[in-house]
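The values are calculated or read from the model by the stated rules, or taken from the named source; none is laboratory data. This one's a predicted model, so the numbers in the text were calculated from it and none came from an experiment. Here the Cβ positions follow ideal geometry from the backbone for every residue, glycine too, while neighbour counts run over all protein chains shown. In case anyone asks, the SASA skips ligands and DNA or RNA and just uses the protein heavy atoms, side chains included. Shrake-Rupley method; radii C 1.70, N 1.55, O 1.52, S 1.80 Å.
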Amino acid sequence: MAAQSKIKASELVEPGDDDAVALAKRHLVQPWPYAGSVGKEARALIAEGDGIYITDASGKRLIDGPAGMWCINVGHRREELAKVMYDQAMALSYNTPWYTMNAPSAELARRIADAAPGDLSHTFFTTGGSSAVETALRFMQFYNNVRGRPEKKLILSRGGAYHGSTYLSASLNGRPRDRDWMDGADELVVKLSSPDPFRRPKGMSIAVFTDFLVDQFRDTIAGVGADRIGAFVGEPVQASGGVIVPPDGYLKRIRDICRENDILYVSDEVVTGFGRLGHIFASGDVFGIEPDMITFAKGVTSGYFPLGGVIISERLLEELRRSNHPDALFGHGLTYTSHPIGCAVALKNLDLLEERVLQHTREIAPYFQARLKTLEELPLVGEVRGVGLMACVECVADRDSKDPLQLDKDVGKRIDAHCHELGLLVRPLINMCVMSPPLIISREQVDDMVAILREGISRTMDDLRKEGVWQG
Ligand SMILES: Cc1ncc(COP(=O)(O)O)c(C=O)c1O
């Protein structure tokens, strides 16, 4: 059978039909595919990157609006990063973390501990964000087993959350579309409301909305029982949920409730960590909280190497060391835990962030947010919101009802298509466009980005009107 299908595939080859797009359509399964087009999809072929720009296969230069997937923080084509990867590969490309260790991972763990809030002292390195969240959750399970509380394992998560694509991390995801056709460990997860001020009930003040969220959190714990809940996992700013910036004081109040109930607070900084909000970690420096664990990935290497990790509180480790079960084994490790090339490039990336990029991000963020906010002049735009260098333009059919454009679920994709023509890559999310450019973006480049986005949205409004699906 296998040989037969191979022959069939080769019969389809046309002369000259061996470019990357044709090959992908025959052999590549891309992330998040629909059943109807799985394995047959052509996506925009990107050939090069330089600074905040990428160039597609036709030679068209585009601003990298989402910085890859929120990750190319110090920009494309940084020679310093390429060189450090080369040098590390020539010195030591890999060592088994089961029985040996390497210097870059120890040094990186020290620098991360220096930047982390509270008593977060030790890092377990992973291969990305999903494996970081998975590690934090498995650590919570192990911690409670060792402490003799095997029933304290439930996990609190929220609508709008995105925490990954491994089985347990994906079980926390709160966007219905992500879960509709996928299984999950639902029996382990309790879901709460997204702290989304834009979608709060009509007429409710932000203060009352915040109280509602906090009361819901407290009531849920009382209903389920604190002795059954092991952890709360939350992004400081829900990223893929549409850049949901929580109301002032909300995270601190949730943090306090977790502490009162001996529930571990896991702050998922896979997007917000390593500079996006102008700091290495946003939990402490922006939101004033000290989590029990922080997960990170993406920006830790500016996307040059797949690396992530979870930083763990000294208190938790000390409790394990002092437990009655010194021989209990945390049976968890990845072949690429503490990868020397990943850790070496992360160290250099940290130098770049600390030398200039964090400061630049803090300086330019207000300008970036203010320029994007002007897009609220367009009638299709319901809200522009954000913090640091992450923002979301949310389109609505009607500003009063905030109807999220049920008539056209692909409005984000339509805007993206126009912007691509005009020289900007957008991250479309149903009715939203997320913008999170490389942190090195200049004021002039912000102006270019916003001008293109404005034109892309205007053209989309014209299309929708012409098609008679929207009359705004
Ligand atoms: C907040 C958050 N956590 C976890 C993940 C999963 O990370 P990865 O795709 O590296 O596995 C993501 C990915 O976008 C994320 O945004």
Residue check for residue 439: within 25 Å of residue 357 (Cα to Cα) and assigned to a helix (DSSP H, G or I): no
Look through 266, 310, 300 and report the one residue that is modelled with pLDDT of 95 or more, within 13 Å of the ligand (Cβ to nearest atom), in a helix (DSSP H, G or I) and of a type in the set (A, V, I, L, M, F, W, C). 300
Flagged in region 36-51 as under 18 Å from residue 177 (Cβ atoms) and in contact (Cβ under 8 Å) with a residue 12 or more places away in the chain, in numbering order, are 41
Residues that are out of contact with any strand residue (DSSP E or B) (no Cβ under 6 Å at 6 or more places or on another chain), open to solvent by 10 Å² or more (accessible area, probe 1.4 Å) and in a helix (DSSP H, G or I), drawn from region 442-460: 443, 444, 445, 447, 448, 451, 454, 455, 458, 459
Test: residue 217 is in a helix (DSSP H, G or I) and over 30 Å from residue 150 (Cβ atoms): no
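Residue by residue, here is whether (1) assigned by TED's automatic domain parsing to the domain that holds residue 427; (2) not aromatic (Phe, Trp, Tyr) holds:
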residue	(1), (2)
336	no, no
340	no, yes
345	no, yes
348	no, yes
375	yes, yes
384	yes, yes
Under the condition of being of a type in the set (A, V, I, L, M, F, W, C) and over 14 Å from residue 65 (Cα atoms), which residue from region 368-392 is most open to solvent (accessible area, probe 1.4 Å)? 370
Tell me whether region 353-376 contains one or more residues that are touching a residue at least 40 places away in the same chain (Cβ under 8 Å) and within 16 Å of the ligand (Cβ to nearest atom). no
Among strands (runs of 3 or more DSSP E) entirely within region 82-197, at least 1 residues that are farther than 20 Å from residue 261 by Cβ, within 16 Å of the ligand (Cβ to nearest atom) and open to solvent by less than 20 Å² (accessible area, probe 1.4 Å) occur in 120-126
Candidate set: region 35-47, residues that are surrounded by 13 or more Cβ atoms within 10 Å (Cβ to Cβ) and in contact with a strand residue (DSSP E or B) (Cβ under 8 Å, 6 or more places away or on another chain); chosen: the one modelled with the lowest pLDDT: 44
Going through 50, 64 one at a time, which residue ends up being open to solvent by less than 70 Å² (accessible area, probe 1.4 Å), assigned by TED's automatic domain parsing to the domain that holds residue 417 and charged (D, E, K, R)? 64
Have a look at 241, 234 and point out the one that is within 11 Å of the ligand (Cβ to nearest atom), under 21 Å from the mean Cα position of the chain (by Cα) and open to solvent by less than 10 Å² (accessible area, probe 1.4 Å). 234
Filter region 8-34 down to residues that are outside any loop (DSSP other than H, G, I, E, B) and surrounded by 10 or more Cβ atoms within 10 Å (Cβ to Cβ) and give me whichever is modelled with the lowest pLDDT. 9
Pairs, first on the phi > 0 side of the Ramachandran plot in region 113-137, second open to solvent by 10 Å² or more (accessible area, probe 1.4 Å) and more than 10 Å from the ligand (Cβ to nearest atom), C-beta under 6 Å, six or more apart: 118/290
Show the residue pairs that are 6+ apart or on different chains and have beta-carbon atoms under 9 Å apart, the first residue being within region 70-90 and on the phi > 0 side of the Ramachandran plot, the second being within 16 Å of the ligand (Cβ to nearest atom) and modelled with pLDDT under 95. 70/427
